[in-house]
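Please read the structure below before turning to the comments.
The values are calculated or read from the model by the stated rules, or taken from the named source; none is laboratory data. Since the model is a prediction, treat every value here as computed from it, not as a measurement. Every residue, glycine as well, gets a Cβ built from its backbone with ideal geometry; the counts of neighbours run over all protein chains shown. Remember, those area values only see protein heavy atoms, side chains included, never the ligands or the DNA or RNA. Shrake-Rupley method; radii C 1.70, N 1.55, O 1.52, S 1.80 Å.
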Amino acid sequence: MKYLTELIVLTWFLALLKCTCQADLNIAIVGSGIGGTSCAYFLKEIFKDLVNLDIYEGNQVGGRLATVIMSDGNEYEIGGSVIHQRNRYMSNFVTNLGLQKRESVFKNERLGLHNGKDFDFIENDNYLINLMNIVWRYGYSIKRLQEFINSMLVKFERIYELQTNGVSFDSTYDLLTAMDPSFVNYLNISVRDAYLKEEHFSELLITELVQASLRVNYGQNTNVHKFVGSVSMAGMDGSLWSVKGGNKRVVEKLLEKSNAHLVPEYVVQITKNNDSYTLLTNFKKKATYDYVVFAAPLAENQKVPITFSNMPLALNKVGKYHQTISTLVIGDMKKTKFSPLSDDLIPITIISNNENEFFNSISNVEGVNETASLNVWKIFSQHPLSNNQIDHLFENVSDVKVVDWLAYPHYKVPTGSQSFHIADRLYHINAIEWAASAMEMSCIGAKNVALIIKKHYYSEKQYETTKLSHMEL
């Protein structure tokens, strides 16, 4: 009996040794944005040399963290440009990857909320006067809003401990519930109705400040659900930063650190086999993998169509992504257009709360390498700006660069739970964007998918080892 027990243990040990030392785990990641590259980083942390990683990207590495070089020779963010100080993954990446936070060159930047004709509110450069003006206009609601956002962030931060302990979630509802059970309800009510009827904030605060945050951050209005509306407001508290050299540097370093192989091609088809997937690219190349991570939007209007073949269930695309046009201009703002805010030689941000206006926001923009000039501007709009519209705002224009983004989901109420599983061994990071789209949310989704793969892989190996032991007996 003792001999039999020792034989079983030895068989189990040899099988485990074979699984952990000799087998290669092949994983494909489709998309090289912050979601795809952070997932590669997390997978490398988990599986170390056991995993082989291929990242497919037919466009620039970095996805929506893009930059452009203007005629002044400086490089500017044209995609995701700011990170909140409480975003733990992005902060840790900067520290661990040897990057630096960018020092802001602009000082005393002023904000103006425009209604299409004139300004509803303009920041004062004197802190005390500005504070009094805010309280006078928005009342005690502004204080309660700050307390609400801080309380939400505390609950949000629970995800970091859960993921550190290896907990994974199958759906966005499960993930949000783990942060706080109330968060799921946030997806089923508009931020306008929630803030007005549940939180009892003033209507003026909602129609001006909350609307302004959504116009500049998501190109949408207060009809979005409460969760994304609150995430948007968290980005308006001034505790924001960027990466020196551009936020895309994080993606580049994650790609390097993960030791993933970059395949500069688009994936146009994913075919399910028994326990693997075969990817077909636009260059007609094929490769087969144990797991596939889809790190790009799956939307009705996605820019690069992809076919899923031999799937057990039809793939339902959730909705549409919202079009946002990012335009960089080198030129002088026509001062009469936005007087008195534009009268002084100071950096300014103008947010239009008028949805009939042809722009969402206009702001001075700093270079990614700590350069700054008051004649470089970033304009967010719903549609491409015409030459007449640019001339309406600026004079002495010397350069214009335009990027047309499908930047984030078009949010609506209610928003259902989204699965991180497309099929067995096929996962979707960007499901998390339907709760809220942000760099940190993509990192959380990426870590969750990495943990799902870890759980699935080792449960499969345990099953194989147990089966082998029974066969030996």
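For Asp404, the test of being open to solvent by 20 Å² or more (accessible area, probe 1.4 Å), within 28 Å of Gln220 (Cα to Cα) and touching a Pro at 6+ places or on another chain (Cβ under 9 Å) is passed.
A quick yes/no check of all residues on (1) in contact with a Cys (Cβ under 9 Å, 6 or more places away or on another chain); (2) surrounded by 19 or more Cβ atoms within 10 Å (Cβ to Cβ); (3) under 30 Å from Val397 (Cβ atoms):
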| residue | (1), (2), (3) |
| --- | --- |
| Val292 | no, yes, no |
| Ala296 | no, yes, no |
| Gln302 | no, no, no |
| Pro312 | no, no, no |
| Leu315 | no, no, no |
| Thr324 | no, yes, yes |
| Thr327 | no, yes, yes |
| Lys334 | no, no, yes |
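Counting only strands (runs of 3 or more DSSP E) that sit completely within the range 19-117, those holding 2 or more residues that are closer than 20 Å to Lys253 by Cβ and touching a residue at least 40 places away in the same chain (Cβ under 8 Å) correspond to 25-30, 51-56, 75-77. Only one entry in Lys285, Lys253, Lys257 is open to solvent by 90 Å² or more (accessible area, probe 1.4 Å), basic (Lys, Arg) and touching a residue at least 40 places away in the same chain (Cβ under 8 Å), namely Lys257.
In the range 351-372, the residues that are free of Cβ contacts under 8 Å to residues at least 60 places away in the same chain and in a loop (DSSP other than H, G, I, E, B) reach residues that are open to solvent by less than 10 Å² (accessible area, probe 1.4 Å) and among the polar types (S, T, N, Q) with C-beta atoms within less than 8 angstrom, at least six apart or across chains, in these pairs: Phe358/Ser381; Phe359/Ser352; Phe359/Ser381. Between Ile134, Ile129, the distinction of being more than 20 Å from the chain's Cα centre (by Cα), within 19 Å of Ile350 (Cα to Cα) and in a helix (DSSP H, G or I) belongs to Ile134 only. Of all residues assigned to the range 384-401, at least one qualifies as being farther than 30 Å from Arg249 by Cα, modelled with pLDDT of 95 or more, out of contact with any strand residue (DSSP E or B) (no Cβ under 7 Å at 6 or more places or on another chain) and surrounded by 15 or more Cβ atoms within 10 Å (Cβ to Cβ). With respect to (1) assigned to a helix (DSSP H, G or I); (2) farther than 22 Å from Ile429 by Cα; (3) touching a residue at least 12 places away in the same chain (Cβ under 8 Å); (4) in contact with a helix residue (DSSP H, G or I) (Cβ under 8 Å, 6 or more places away or on another chain), the lone exception for Leu162 is condition (2).
Lys337: among the charged types (D, E, K, R), farther than 16 Å from Asn26 by Cα, within 28 Å of the chain's Cα centre (by Cα) and not in a strand (DSSP E or B), yes or no? So Lys337 does not fit the description; no. All conditions in (1) at pLDDT below 95; (2) among the aliphatic types (A, V, I, L, M); (3) surrounded by fewer than 20 Cβ atoms within 10 Å (Cβ to Cβ); (4) over 23 Å from Glu103 (Cα atoms) hold for Ala372, with the sole exception of (4).
With respect to Ser104, is the statement that it is open to solvent by 30 Å² or more (accessible area, probe 1.4 Å), under 27 Å from Phe338 (Cα atoms) and in contact with a Ser or Thr (Cβ under 7 Å, 6 or more places away or on another chain) true?
Working: open to solvent by 30 Å² or more (accessible area, probe 1.4 Å): yes; under 27 Å from Phe338 (Cα atoms): yes; in contact with a Ser or Thr (Cβ under 7 Å, 6 or more places away or on another chain): no.
No; evaluated as a whole, the condition is false for this residue.
Filtering the range 283-303 to residues that are under 26 Å from the mean Cα position of the chain (by Cα) and farther than 21 Å from Asp24 by Cα leaves Ala295, Ala296, Pro297, Leu298, Ala299, Glu300, Asn301, Gln302, Lys303. Every listed requirement among (1) touching a residue at least 12 places away in the same chain (Cβ under 8 Å); (2) surrounded by fewer than 19 Cβ atoms within 10 Å (Cβ to Cβ); (3) under 28 Å from Val449 (Cβ atoms) is met by His225 save one, (2). Scanning the range 129-155 for residues that are open to solvent by less than 60 Å² (accessible area, probe 1.4 Å) and either touching a residue at least 60 places away in the same chain (Cβ under 8 Å) or over 21 Å from Leu209 (Cβ atoms) (or both) yields Tyr138, Gly139, Ser141, Ile142, Leu145, Phe148, Ile149, Met152, Leu153, Lys155. Within the range 201-212, being open to solvent by 30 Å² or more (accessible area, probe 1.4 Å) and in contact (Cβ under 8 Å) with a residue 12 or more places away in the chain holds for Ser202, Leu204, Thr207, Leu209. Cβ-Cβ distances below 8 Å connect the following pairs, each with a first residue in the range 411-439 that is within 19 Å of Gln269 (Cβ to Cβ) and of a type in the set (Lys, Arg), a second residue that is open to solvent by less than 20 Å² (accessible area, probe 1.4 Å) and part of a strand (DSSP E or B), and a separation of six or more residues or different chains: Arg425/Tyr277; Arg425/Tyr291; Arg425/Val292.
Taking the range 304-337 as the search range and keeping residues that are basic (Lys, Arg) and in contact with a helix residue (DSSP H, G or I) (Cβ under 9 Å, 6 or more places away or on another chain), which one is nearest to Gln60 (Cα to Cα)? This residue is Lys334.
Taking the options Ser339, Ser363, Ser381, name whichever one is touching a Ser or Thr at 6+ places or on another chain (Cβ under 8 Å) and open to solvent by 10 Å² or more (accessible area, probe 1.4 Å).
On the way: Ser339 fails: touching a Ser or Thr at 6+ places or on another chain (Cβ under 8 Å); Ser381 fails: open to solvent by 10 Å² or more (accessible area, probe 1.4 Å).
Matching residue, one of Ser339, Ser363, Ser381: Ser363.
Filter the range 63-83 down to the residues that are of a type outside the set (A, V, I, L, M) and at pLDDT below 95, then identify the one that is farthest from Ser213 (Cα to Cα). Ranking the qualifying residues of the range 63-83, first place goes to Gly63.
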